[in-house]
1. Quick one: how many residues across segment 517-541 are buried (at least 16 other Cβ atoms within 10 Å of the Cβ) and either modelled with pLDDT of 85 or more or under 33 Å from the mean Cα position of the chain (by Cα) (or both)?
2. State whether the residues of segment 378-392 include one that is in contact with a helix residue (DSSP H, G or I) (Cβ under 6 Å, 6 or more places away or on another chain) and modelled with pLDDT under 90.
3. Here are some conditions: (1) within 29 Å of F297 (Cα to Cα); (2) small (G, A, S); (3) open to solvent by 10 Å² or more (accessible area, probe 1.4 Å). A327 meets all but one. Which one does it not meet?
4. Might you let me know whether segment 266-278 holds any residue that is among the basic types (K, R) and either open to solvent by less than 60 Å² (accessible area, probe 1.4 Å) or assigned to a helix (DSSP H, G or I) (or both)?
5. Filtering segment 100-133 down to residues that are modelled with pLDDT of 95 or more and aromatic (F, W, Y), which residue is most open to solvent (accessible area, probe 1.4 Å)?
6. Does Y373 count as in contact with a strand residue (DSSP E or B) (Cβ under 8 Å, 6 or more places away or on another chain), assigned by TED's automatic domain parsing to the domain that holds G464 and surrounded by 22 or more Cβ atoms within 10 Å (Cβ to Cβ)?
7. Of all the residues that make up segment 703-729, how many are surrounded by fewer than 18 Cβ atoms within 10 Å (Cβ to Cβ) and of a type outside the set (A, V, I, L, M, F, W, C)?
8. Please go through segment 738-765 and pick out each residue that is under 17 Å from L664 (Cβ atoms) and open to solvent by 10 Å² or more (accessible area, probe 1.4 Å).
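The values are calculated or read from the model by the stated rules, or taken from the named source; none is laboratory data. Remember, predicted model here, so these are calculated numbers, not experimental data. Don't worry about glycine lacking a Cβ; one is built from the backbone with ideal geometry, like all the others, and counts go over all protein chains shown. The area values use the complete protein model at the heavy-atom level, side chains included, leaving out ligands, DNA and RNA. Shrake-Rupley method; radii C 1.70, N 1.55, O 1.52, S 1.80 Å.
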Amino acid sequence: MSAAWVTPAASWITTVDHKRIGVLYGVTAFLFFLVGGVEALLIRLQLAGPGGRVVSAETYNALFTMHGTTMVFLAIMPLNAAFFNYMVPLLIGARDVAFPRLNALSYWILLFGGLFLNASFLVGAPPDAGWFGYANLTSKQFTPGPSVDFWLLSLQVLGVSSMLGGINFIVTILNMRAPGMTLMRMPVFVWMTLVVQFLIVLAFPPITVGLIFLMFDRFFGTRFYDVAAGGDLHLWQHLFWIFGHPEVYILILPAFGIVSEVLPTFARKPLFGAPVVIYSGVLIGFFGFGVWSHHMFAAGMGPVAALSIATMLIAIPTGVKIFNWLATLWGGAIRTTTALHFAVGLVGLFTIGGLSGIMHASPPVDLQQTDSYFVVAHLHYVLIGGSLFGLFAGAYYWWPKITGRLLDERLGKLQFWVVFAGFNVAFFPQHYLGAIGMPRRIYTYSAAAGWTFWNAVSTVGAFGIALGVLLFMVNAWRSLTRGAPASADPWDGRTLEWRTSSPPPLHDFDTIPPIYGRDTFWREKHGRPGIVPAPTHDHTHIHLPAPSRWPVLTALGIAVLAIGALTHVAVVLAGALFTVVCMFAFALEHHRNPAHAQQDGDLGVDHRKVAVWVFLGSECFFFGTLIATYLAYNGRSVVGPEPHQILNIPLTTLSTFDLLMSSLLMVLALAAVQRDDRRQARLWLFGTALFGLIFLGFQVYEFTHFVREGLTLQRNLFGSTFFVLTGFHGGHVTVGVVWLLALLILDLRGRLGRVDAVKVEVAGLYWHFVDIVWIAIFTLVYLMP
């Protein structure tokens, strides 16, 4: 067996190697996939015949809630992340990701978040309000126990993991490509990865805000989803689906990228119209933000022509991809490997799912099919026929590269046909069941409904899928224990990962290969003109990132915070203190070993600056959602006091001036560091932090004044929106103050000289952003009440 698989277990806990983290993602996600699969089989057993008694109604609700949540957030997304982590650095000719320790932190947060969600089973309180969490099913009135609390807290934890990964991979792809690899020379899988990461950092803020509102409603008695207080239940649906439909493309675009790598390799010809495939992927990401409302045509919003048209338009770039894939196969020297089987299977099955999805662009058709089993069939044709088949194609394609062993092709093809048959038997009949009136989310039905036969057929198909997954597990085990060794390039691949050994060395490449065009490696192997073979160099002095224990400890602290929210405030405080200590250690560890990571990138901009700009873009969506909610609810409070009665504009003007002056001090601090004036740098950094603390003092005084005047979080909609909006801004100011204190610690240690000016610059970008956000809040809340 390869040495990579027999290293001490403890080293996997502290690893920051992108390849090991990719393996950890893959194993963890596959185990959660099995959990979600068992939940699905129990659902199908319950519905196999009329009057099913396999589980109770309450258990059934928990099963379909956990099945949907697990498959979306703990199985498909992390399985995609496994390929992102392992393959992207290899595909772009990099030695690692831009932020290796942040990459490890992202994984450990995912693991603890998933365990926290599934711990709800152990305490007898699994989430049971649906994976979509519609208000007001999720209110304390209708779901009083901790089940929804498990769900909303775990999703917030998992969102942190996704955001960290999104920022990391955007910086990696934009800033760490091999020499000569322009954006249009990147493999399509890397392009789809890049689009997905932008979707994550821009689509997650709205659902994060929605979950924050739900958390405050349940924990602190706010009124965001309280109709009696003037709230609107559509608010949750808007926030959820503004995230939810881009999420569909977060799940499917990686599979599209995998297919775009597999088909050219096994057709032995370049991808037809590769630039068009890339542009279509970008357009899919862009249009994905404009189609959420077709989920709400039947919820009282009514048809909206522009969004209905957007739902139709998104079919165009998707159809372009399908025709490009078919043109790639046309006339190729086809090798019918297992990976090709799954890739072609995706093309066919996703086409069916896409066609059934376009139907929902028509409001009358959408009204007919909403909440019926037709939608269940559509969703699974997209996410199993699309995402899962693509993931299996990627598994069979890259398994030799990851493990150094080949999977059995005969067993693999048997698995494909079993899964393909089982899938169509399971889900195609559900189109018909929905068309004749079977609704979603029912736990039983009568024989008179006429649904018995096709439900029985569907259940048989579901167990066929399970058999296919079992065959894959057998194949994987046989490969790891006695599989045939794989060469570095067993498929005659076209991209850079096949240049290095199988599995790759710790440093990925002995030398970073130069790129002369698309498919450089394939052209080099086959002696095409204009390609110079990459030189070989001594790699014994290549620096690799050092292992770190702080990612797993920081993630553990976040998990303790979530547990404390369900148990006792003392646990929350302990978790918060432990997390802050770990974050300080995490932040300062890098500076004890400045060679942890190369920081100058292909853009000519430091990795950290690119990361901060991406993060601030995401923050724009976060605060934009909070402000939009405030504006939507402004004037809708059914009880007083009103804003104009209690807002102290002169006092807030003074605190605003204080915060704006802190930005000036931040500019002076950066200038002092850049000229290596340590005394002035220390003075201005301390002054900026002090002004931030003064602003927070003003805010605390204002909050206590409002409470004395009768305005609290629970009083009315204005109180709920005001305190959450300004409170989260205050939280951001607090983070900035802590950041400045960390810089002061570095300065006191003599590690904040001229060469370290970028550390102050990125802190300054964050601080100025927080000030700009406050200008918007001050104008909209105080000056225009």
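1. 5
2. Within segment 378-392 (the criterion being in contact with a helix residue (DSSP H, G or I) (Cβ under 6 Å, 6 or more places away or on another chain) and modelled with pLDDT under 90), the answer is no, since none of the residues qualifies.
3. (1)
4. yes
5. F121
6. yes
7. 8
8. E761, L765
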